[in-house]
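Reviewing the structure listed below.
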Amino acid sequence: MTEIPTEEYILKCTSACAGCSDTLTLRYVLKAAGPDMVLVVPACCTSVIQGAYPNTAMNVPVYNVAFAAAAACASGMSAAFQAAGRKTRVIVYAGDGGTVDIGIQSLSGAFERGTDFLYICYDNEAYGNTGMQRSGSTPAGARTTTTPAGKVQTKKDLDGIVAAHNPPYMATACAAYPRDLFKKVEKALSIRGPKFIHVLAPCPPGWRFSSEKSVEMGKLAVKTGMWILYEREQGKVTISGPSKAAMIKPLPLEEYLAPQGRFKGIDAASVALLKAQAEKTAKRLLREEEGTC
Amino acid sequence: MTTRMRLAISRPTKGSSGKTGSWRVFRPVVDKEKCNACGICAMLCPEAAIDEELEVDLEYCKGCGICAHECPKSAISMKREEK
Ligand SMILES: Cc1ncc(C[n+]2csc(CCOP(=O)(O)OP(=O)(O)O)c2C)c(N)n1
Ligand code: SF4
Ligand code: SF4
Ligand code: SF4
Ligand SMILES: [Mg+2]
């Protein structure tokens, strides 16, 4: 693996909350992509923390676009760069609400057309920027401002939906593992066609834990099996190192839930649902990795 | 004015959200005796506020405490800011 470049593409500092994993994720995405790129950012925490006109903390070109249009906009950009003979990388950087709910049709369209771009969804499991309303990506049992008693429905299987488009490369990552994230972004950008990376981004105010625990929360998600790190290249699944280790002896799920205020008072049925879902996903990925399903 | 100039284009600017160091309630203090220069704190700081010499940029450090919490040598302590 190439060394992680020391260049920073976010000028100190954004207005993100202290301990923000969205910021940490973006820091490594930009390092892996290098300066010849354009970010397409729909409305989300990122579009706000960029800074207010006429100033921005972003030292790369960023195009802000309506929620539903991010991947469509990227398709046009990608085609234009290709026509001009330029190798500029087009990266959509969008939140979970902007991806699993609002942007999914244009995402699907771009993947079906085979657009040469990278779509990154950083997942803080709610509509963070507008005050933590539930999204399709909020897990069962989590309290948000619109699910004060805990969400009843389960987290939408975004990765399953993307996988159904058979992209040449897709992966999951987590802000707490920046090296793994960097490698995956670098690999994705070396491949032509539509690529997708889904990054879990623990959010201190939204998940209700104190800011110093951001990285710890990401690691606990992986170690308890609530979040599984893997890559899918040309359909072939490889489970990433940290999740491989975690699958041998996962930590009890409660260690992930207990420090988060959003899971305070979660009922036993929701815990059982989360557990069953995590186990099912792990089993399916292991079978896929072995090539037995 | 050209069309391009009329578009709302923001320019990259340091300090575009002000001196975020003023947000801090606790400041990270590195004990160089305990530190083995592993670089984990600098890698995990969301704000890239720790440089290669492991100096914290207190003008911008928001005091989140990730560096102290993740340091394997417990070489960073968070000290309350004097007001
Ligand atoms: C069409 C439209 N509906 C609603 C909004 C208001 N809005 C701005 S950001 C946001 C939340 C986005 O959530 P997510 O994509 O998860 O990103 P996050 O804020 O969590 O980073 C909403 C609802 C909008 N800008 N445009
Ligand atoms: S709400 Fe969460 S994702 Fe948004 S800026 Fe704050 S910490 Fe980051
Ligand atoms: S994480 Fe701790 S030991 Fe490592 S460089 Fe930072 S202060 Fe030193
Ligand atoms: S307290 Fe947070 S912002 Fe300040 S140096 Fe440590 S990790 Fe960076
Ligand atoms: Mg979100």
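The values are calculated or read from the model by the stated rules, or taken from the named source; none is laboratory data. Source: prediction; values computed, not measured. Heads up, the Cβs are rebuilt from the backbone with ideal geometry, glycines too, and the neighbour counts pull from every protein chain shown. Please note that ligands, DNA and RNA were not included when accessible areas were found on the heavy atoms of the full protein model with its side chains. Shrake-Rupley method; radii C 1.70, N 1.55, O 1.52, S 1.80 Å.
Answer yes or no: is there a residue in region A:72-79 that is open to solvent by 60 Å² or more (accessible area, probe 1.4 Å), in contact with a helix residue (DSSP H, G or I) (Cβ under 8 Å, 6 or more places away or on another chain) and more than 8 Å from chain B (Cβ to nearest Cβ).
No, because not a single residue in region A:72-79 is open to solvent by 60 Å² or more (accessible area, probe 1.4 Å), in contact with a helix residue (DSSP H, G or I) (Cβ under 8 Å, 6 or more places away or on another chain) and more than 8 Å from chain B (Cβ to nearest Cβ).
Please state which one of A:SER211, A:SER243 is free of Cβ contacts under 8 Å to residues at least 24 places away in the same chain, open to solvent by less than 40 Å² (accessible area, probe 1.4 Å), of a type outside the set (Asp, Glu) and out of contact with any Asp or Glu (no Cβ under 9 Å at 6 or more places or on another chain).
A:SER243
If a residue must be out of contact with any helix residue (DSSP H, G or I) (no Cβ under 7 Å at 6 or more places or on another chain) and away from ligand 2 (no atom under 14 Å from the Cβ), how many such residues does region A:117-155 contain?
The qualifying residues number 9.
Looking only at residues in region A:150-176 that are among the charged types (D, E, K, R) and open to solvent by less than 30 Å² (accessible area, probe 1.4 Å), which one is nearest to A:ARG262 (Cα to Cα)?
Once the filter is applied, the top-ranked residue is A:LYS151.
If A:ALA142 satisfies all but one of (1) buried (at least 23 other Cβ atoms within 10 Å of the Cβ); (2) touching a strand residue (DSSP E or B) at 6+ places or on another chain (Cβ under 9 Å), what's the number of the condition it fails?
Single failed check for A:ALA142: (2).
Pairs under 8 Å by beta carbon, first residue touching a residue at least 12 places away in the same chain (Cβ under 8 Å) in region B:65-83, partner more than 13 Å from ligand 4 (Cβ to nearest atom) and basic (Lys, Arg), six or more apart or different chains?
Sorted first by the residue in region B:65-83, then by its partner, the pairs are B:LYS73/B:LYS34; B:SER74/B:LYS34; B:ALA75/B:LYS32; B:ALA75/B:LYS34.
Matching residues to (1) without any contact (Cβ under 8 Å) to a residue 12 or more places away in the chain; (2) more than 16 Å from ligand 2 (Cβ to nearest atom):
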{"site": "A:CYS20", "(1), (2)": "no, no"}
{"site": "A:ARG27", "(1), (2)": "no, no"}
{"site": "A:VAL38", "(1), (2)": "no, yes"}
{"site": "A:ILE49", "(1), (2)": "no, no"}
{"site": "A:TYR53", "(1), (2)": "yes, yes"}
{"site": "A:MET58", "(1), (2)": "no, no"}
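Quick one: how many residues across region B:25-46 are facing chain A (nearest Cβ under 9 Å), open to solvent by less than 20 Å² (accessible area, probe 1.4 Å) and away from ligand 1 (no atom under 16 Å from the Cβ)?
Summing the residues that are facing chain A (nearest Cβ under 9 Å), open to solvent by less than 20 Å² (accessible area, probe 1.4 Å) and away from ligand 1 (no atom under 16 Å from the Cβ) in region B:25-46 gives 2.
Okay, residues lined up against (1) closer than 23 Å to B:GLU59 by Cβ; (2) in a helix (DSSP H, G or I):
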residue: A:GLU8; (1), (2): yes, no
residue: A:LEU24; (1), (2): yes, yes
residue: A:ASN64; (1), (2): no, no
residue: A:GLN82; (1), (2): no, yes
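Restricting attention to region B:65-73, does a residue exist that is more than 10 Å from ligand 4 (Cβ to nearest atom) and more than 13 Å from every other protein chain (Cβ to nearest Cβ)?
yes
Out of curiosity, is A:ALA94 touching a strand residue (DSSP E or B) at 6+ places or on another chain (Cβ under 9 Å) and without any contact (Cβ under 8 Å) to a residue 60 or more places away in the chain?
In short, yes.
Considering every residue within region A:185-201, establish whether at least one is within 14 Å of another protein chain (Cβ to nearest Cβ), surrounded by fewer than 23 Cβ atoms within 10 Å (Cβ to Cβ), acidic (Asp, Glu) and touching a residue at least 12 places away in the same chain (Cβ under 8 Å).
Checking region A:185-201: not a single residue is within 14 Å of another protein chain (Cβ to nearest Cβ), surrounded by fewer than 23 Cβ atoms within 10 Å (Cβ to Cβ), acidic (Asp, Glu) and touching a residue at least 12 places away in the same chain (Cβ under 8 Å).
Being under 16 Å from B:ALA48 (Cα atoms) and at pLDDT below 95 is the filter here; which residues of region A:45-60 pass it?
Answer for region A:45-60, where residues must be under 16 Å from B:ALA48 (Cα atoms) and at pLDDT below 95: A:ILE49, A:GLN50.
For region B:19-40, which residues satisfy the criterion of being near ligand 3 (Cβ under 10 Å from one of its atoms) and assigned to a loop (DSSP other than H, G, I, E, B)?
B:ASP31, B:LYS32, B:LYS34, B:CYS35, B:ASN36, B:ALA37, B:CYS38, B:GLY39
Looking at region B:1-15 only, could you name the residues that are surrounded by 17 or more Cβ atoms within 10 Å (Cβ to Cβ) and either near ligand 4 (Cβ under 9 Å from one of its atoms) or at pLDDT 95 or above (or both)? Write out each step before concluding.
Here is the first cut: in region B:1-15, the ones surrounded by 17 or more Cβ atoms within 10 Å (Cβ to Cβ) are B:10, B:12.
Listed by number, the list holds a single entry, B:PRO12.
Within region A:247-268, can you find the residues that are aliphatic (A, V, I, L, M) and closer than 23 Å to A:PHE209 by Cα?
A:LEU251, A:LEU253, A:LEU257, A:ALA258, A:ILE266, A:ALA268
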